[in-house]
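No lab work stands behind these numbers, since they all come straight from the coordinates. For clarity, every value in this text was computed on a predicted model and none was experimentally measured. A quick note on method: Cβ atoms are made from the backbone with ideal geometry, for glycine too, and the neighbour counts reach across all protein chains shown.
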Amino acid sequence: MSEVTAIEHLIMSQRRWSPHATGQFTSLMHDLILSAKIISRNVNQAGLVDILGATGSVNVQGEQVQKLDTFANNTLVYRMQTSGAVCAVGSEEMAEPFFVPENEPHGHYVIFFDPLDGSSNIDVGVSIGTIFSIYRRPDDEQYWLLNAEALMRPGLEQVAAGYFLYGSSTMLVYSTGHGVNGFTLDTGIGEFLLTHPNIQIPRVGKYYSTNHGYFNYWDEATQTAVHSFNRPTHEAPRSMRYVGSLVADFHRTLLKGGVYLYPEDTKHPRGKLRLMYEAAPMAFLAEQAGGKATDGRQRILDIVPTAIHMRTPLIIGSADDVDRVLDIYKEHGKV
Ligand code: AHG
Ligand code: MN
Ligand code: MN
């Protein structure tokens, strides 16, 4: 126990390696971690207190907002807004990004988040999470002229990305572009401890993960790709796992390998997942761990967003498994 690294210590020591660091990233991570601890506590108490169920309002995606989504969003927005480290905040739960007023403490980071991912799983006790994506502000001189367009940067410009998983334990998995580390919350001492240093996705995995309910809505290329995993001709079929919370499905894929697919279909012509706070941060982690992420045509990290809430197909995971899907797409003339 005495030899375990706590996250706050790691962030402080990394700051020392970078002589020009202003301390803003340290404050941002500190406040993000505090937000997640608060959200995690409320997720764990969800069955005890009256915060379950839908609020009745409908978010910008046209979905029912659950009470915990609102709570998680409010917690994150407040902590980020008062951290002094960010100048703009974008969220799944807000139609437009929030810009910290010029006369209030602000910094040079922009953060996007999905405050609570997997909200359909809240009231059935299944893992959910918070996803975050961090950029440096686009134009230091013209900060007050920032508008939503200025924030739409491709995922490869992220300076950090990660997620908190509220599962059998609460975990933080994140990267600043130097590999991926995983931390587990020790609730006894209230600290995230480094439990999964330098995570690498296996080159192939034993699972595939997708919503089979949409099989008849997929095009032939996607149907063939999925059949290559569950009806292969030269290997044993893969096991299927699908939680329906991207954080949980991605976390398993990251640790155990395999492929996760949320392709476009006739009901979701551009896919369902949102580029800026679901696909891009997960793609950053996948690549940092030696895996791949594509929309079926191009690398997720190369896509320049055309809207804050833009959707994208996502195929992500072990490099060889993602390549197999892309090869089948090519054979079908899809790429
Ligand atoms: P959110 O709860 O933030 O709206 O995200 C839900 C997303 C994602 O977490 C999950 O992978 C996907 O929706 C599941 O969609 P289907 O129910 O269509 O499979
Ligand atoms: Mn989500
Ligand atoms: Mn969400």
Subject >> Helix-only CD estimate at 222 nm, as mean residue ellipticity for the chain, using -39500 (n - 2.57) per DSSP H run (n ≥ 4) >> reply: -9000 deg cm²/dmol
**OP:** Could you work out which residue, out of Ser168, Ser119, Ser127, moves most in a Gaussian network model of the chain, that is, has the largest mean-square fluctuation with Cα springs under 10 Å?
**Re:** Ser168
Original post:
Which of Glu93, Glu235, Glu264 moves the most in a Gaussian network model of the chain with Cα springs under 10 Å?
Top reply: Glu235
**OP:** Quick one: which residues, 5 or more positions from Ala160 or on another chain, have an amide H under 5 Å from its amide H? H modelled 1.01 Å from N in the peptide plane, none for Pro or chain starts.
**Re:** Ile134
**OP:** Give me the net charge of Tyr163's neighbourhood, meaning all other residues with Cβ under 9 Å from the Cβ of Tyr163; Lys, Arg count +1, Asp, Glu -1.
**Re:** -2
Original post:
Cα extents of the chain along the three principal axes, largest first, in whole Å?
Top reply: 60, 48, 46
Original post:
Modelled label-to-label distance, Glu102 and Gln223, 7 Å Cα→beta-carbon offset: nm?
Top reply: 5.8 nm
Subject >> Per DSSP, loop GluC sites (Glu not before Pro) in the stretch 132-205 with at most 12 further Cβ within 10 Å >> reply: Glu141
Subject >> Distance between modelled label sites at Lys330 and Arg299, nm, 7 Å Cα→Cβ extension >> reply: 1.6 nm
Original post:
Val100's amide H: which non-local residues (gap 5+, or another chain) put their own amide H closer than 5 Å, with H modeled 1.01 Å from N in plane and none for Pro or chain starts?
Top reply: Ala88, Val89
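How much length is gained if the chain between Arg231 and His9 is pulled fully straight, taking 0.36 nm per residue apart and subtracting their Cα-Cα distance, in nm to one decimal?
That works out to 75.1 nm of additional length.
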Subject >> Neighbourhood net charge (11 Å Cβ-Cβ; Lys/Arg +1, Asp/Glu -1) for Tyr217 >> reply: -2
Original post:
In the Gaussian network model of the chain, springs joining C-alpha atoms below 10 Å, which of Ala150, Ala221, Ala279 carries the largest mean-square fluctuation?
Top reply: Ala150
Original post:
Counting Lys and Arg as +1 and Asp and Glu as -1, each charge on the Cβ, what is the dipole of the chain about the Cα centre in debye, to the nearest 20?
Top reply: 720 debye
Subject >> Under the Karplus curve 6.51 cos²θ - 1.76 cosθ + 1.60, θ = phi - 60°, whole-Hz ³J(HN,Hα) for the stretch 219-235, x wherever Gly or Pro sits >> reply: 7, 4, 4, 5, 4, 5, 4, 5, 5, 5, 9, 9, 9, x, 8, 10, 7
Original post:
Along the positive direction of the dipole of the chain (beta-carbon charges: Lys, Arg +1; Asp, Glu -1; about the Cα centre), which of His106, Ala307, Thr294 reaches farthest?
Top reply: Thr294
Original post:
Can you work out ³J(HN,Hα) from phi for every residue in the stretch 245-255, in order, using Karplus 6.51 cos²θ - 1.76 cosθ + 1.60 and θ = phi - 60°, giving whole Hz and x for Gly and Pro?
Top reply: 10, 3, 4, 5, 5, 6, 4, 5, 4, 4, 7
